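> Here it is, the structure in full.
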Amino acid sequence: MNKIWNFVAEYSVLLISGAILALIWANLAPGAYHHFVEFELFHGGPIGHLHDDGQGHVTRSFTLHFLVNDVLMAFFFAVAGKEVWEAIALKNGSLRGKKAFTPLIATAGGMIGPVTVYLLGAAALGKFTLLANGWAIPTATDIAFSYLVGRLVFGPGHPAIGFLLLVAIADDAAGLVILAIFYPQGDLAPAWLLMSVLAAVGAYLLFNRLPRRLDRGRQDRPNSTWVRTKLSYWPYLAAGAISWFAFHKAGIHPALGLLPIIPAMPHAEVDYGIFAAEEAHQHDLLNEAEHKLKIPVEGILFLFGLMNAGVEFSAVGGATVLVLAGLLIGKPIGIWLMGSLAANTLRLGLPDGMKTTDLFVVGCVAAIGFTVSLFVASVAFPAGPVQDAAKMGALLSFAAAAMSFAAGRALDARGTGGAPAATDSGAAGPTAAE
């Protein structure tokens with residue numbers, strides 16, 4: 001349990017602190033807060049938010065908000081993307097093979113359910129045109145908080161913990177795709193993505209593949225060692241900067257710009273899982289880069305909370321209700337229905353020791369959107385009352401924790417405990433059908 005608390009302390013305490021400070025500041029001195037967030041560092045450069053002066057001249061404005069949300073958050077998404085990529089691509093990856101089928105189908109339900117509830121609610125409120133673009137906000141799951149709550153609800157070692165992790169990881173992967181496709185930043189210019197591809201391929205061929213090829217048959221691996229010790233991760237950081245710029249120019253959110261570089265880096269051969277203790281002892285370049293990013297990402301998440309959670313309590317509105325309804329109603333029902341379909345109707349099974357009713361509890365836990373929901377809200381709507389109302393829904397999604405404890409008690413979530421604690425490593429365990 002200490003490892004879980006340590007993870008939450010590392011990645012979440014500063015985020016919450018930033019969010020609380022933003023809430024206090026925005027409600028006590030809203031003018032000063034928004035002036036701080038939109039403080040312009042420079043104007044007219046090649047990067048930044050598009051700014052129209054009202055006279056037909058469009059330039060770019062590089063603000064503190066842009067620095068945090070579009071530049072620095074790229075490192076947060078790189079860490080999340082690294083875990084997703086390992087789960088999909090590496091041996092024993094938790095999203096590979098038959099063991100991932102039921103969680104993946106449940107994840108689909110956990111996205112379809114919130115979207116359906118959100119859009120139907122927007123239509124029922126008569127504000128479909130105004131609010132429909134926020135449909136993706138309630139699809140998110142905050143991995144750190146949901147994992148912590150899941151451990152407390154189900155108890156250590158319960159097989160539902162590994163299942164929850166698979167759902168959260170798959171949810172994040174789908175969320176990255178949604179951000180890239182459905183929330184462009186300005187006019188789309190996909191030809192720029194060729195620059196990103198070339199940067200990733202070039203980094204892989206020159207600094208990963210070529211040294212290993214030159215070292216074939218040589219146990220001392222001089223070329224790979226030289227690249228590793230002298231150049232380290234700097235070639236990949238340079239390639240990441242090029243990829244980031246390409247995403248920015250392509251009209252795709254640049255916070256996703258480092259993702260194409262992740263597969264290019266030297267990496268471990270086996271995925272030990274998102275919370276596995278073994279990862280701390282892996283010395284491949286990809287894992288070491290993640291270790292170096294740990295402390296900076298903590299600070300970045302503090303700044304993210306400070307820049308994005310500053311909404312006035314009076315901002316509660318239709319978007320707040322829709323985001324909460326999507327998360328608290330759509331996600332549990334969606335995960336339960338689609339998970340039951342996969343496990344029972346399609347006979348794909350559940351991890352040994354997990355029962356069908358646990359799926360609903362997993363859905364309640366996964367309804368904690370927070371970090372990613374806040375991020376999507378900031379790009380789904382322009383700054384203003386609607387965006388603030390949507391952000392308030394993301395902040396209030398912590399209510400899912402209380403709902404999870406109530407559902408877990410009512411459905412006896414702890415009654416099937418006793419599965420091996422190895423599920424903490426991120427594997428869902430064998431399915432009943434295997």
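Only the coordinates and a few stated rules stand behind these numbers; no lab work does. Worth saying up front: this structure is predicted, and the values here are computed from it rather than measured. Note that we place each Cβ from the backbone using ideal geometry, even for glycine, and neighbour counts take in every protein chain shown.
> Could you put S12, S17 in order, starting from the residue whose Cβ has the fewest other Cβ atoms within 10 Å?
Values: S12 19, S17 14.
Ranking S12, S17 by Cβ neighbours within 10 Å, fewest first, gives S17, S12.
> According to the Cα gyration tensor, what semi-axes, each the square root of 5 times an eigenvalue, does the equivalent ellipsoid of region 288-428 have, listed from largest to smallest in whole Å?
On the way: eigenvalues 201, 92, 34 Å².
With the √(5λ) rule applied to region 288-428, the semi-axes are 32, 21, 13 Å.
> Answer rounded, prolate or oblate for the chain, using the Cα gyration tensor with square roots of eigenvalues a ≥ b ≥ c: rounded when a/c is under 1.5, else prolate when a/b is larger than b/c, else oblate.
Oblate.
> Going by the alpha-carbon gyration tensor, a ≥ b ≥ c the square roots of its eigenvalues, is region 101-252 rounded (a/c under 1.5) or, if a/c is not under 1.5, prolate (a/b greater than b/c) versus oblate?
Because a/c hits 1.5 or more and a/b fails to exceed b/c, region 101-252 counts as oblate.
> Here's something else I'd like to know. I need the peptides 342-349, 372-379 ranked by packing, meaning the mean over residues of other C-beta atoms within 10 angstrom, with the highest value on top.
Going by the mean number of other Cβ atoms within 10 Å, highest first, we get 372-379, 342-349.
> Something else about it: Taking a cut-off of 24 Å between Cα atoms, list the lysines near K331, but don't count ones fewer than 8 places away on the same chain.
Within the straight-line limit of under 24 Å, K331 reaches these lysines: K98, K99, K127, K355, K391.
> Evaluate the relative contact order of the chain (contact order divided by residue number), counting alpha-carbon pairs under 8 angstrom at least 6 apart; express in whole percent.
Relative CO of the chain lands at 29 percent.
> Report the residues of region 232-251 in range of a label on V58: point 7 Å along Cα→C-beta, backbone N strictly under 20 Å from it.
Label zone hits: 245-251.
> Rounded to the nearest 0.05, what FRET efficiency do D352 and F398 have when you use their Cβ-Cβ distance and R0 = 51 Å?
Plugging the Cβ-Cβ distance into 1/(1 + (r/R0)^6) gives 0.95.
> Also, quick follow-up: What value, in deg cm²/dmol to 500, does the helix sum -39500 (n - 2.57) over DSSP H runs of n ≥ 4 give at 222 nm once divided by the residues of the chain?
For the chain, the value works out to -17500 deg cm²/dmol.
> Just rank Y204, Y236, fewest to most, by other beta-carbon atoms within 10 angstrom.
Y204, Y236
> What do you get for Rg/Rh of region 185-249 when both radii come from the Cα atoms and Rh is the Kirkwood radius?
Taking Rh as the inverse mean 1/r over Cα pairs, Rg/Rh reads 1.16.
> While we're here: With springs only between Cα atoms under 10 Å, which of F77, F405, F42 fluctuates most in a Gaussian network model of the chain?
Looking only at F77, F405, F42, the biggest GNM fluctuation is shown by F42.
> Fewest first, what order do K127, K82, K91 take by the number of other Cβ atoms within 10 Å?
Placing the least packed residue first, the sequence is K91, K127, K82.
> Could I ask something else about it? Answer with one residue from T357, V321, S378: the one whose Cα lies farthest towards the positive end of the charge dipole of region 307-413, charges on Cβ with Lys, Arg +1 and Asp, Glu -1.
Toward the positive end, the furthest listed residue is T357.
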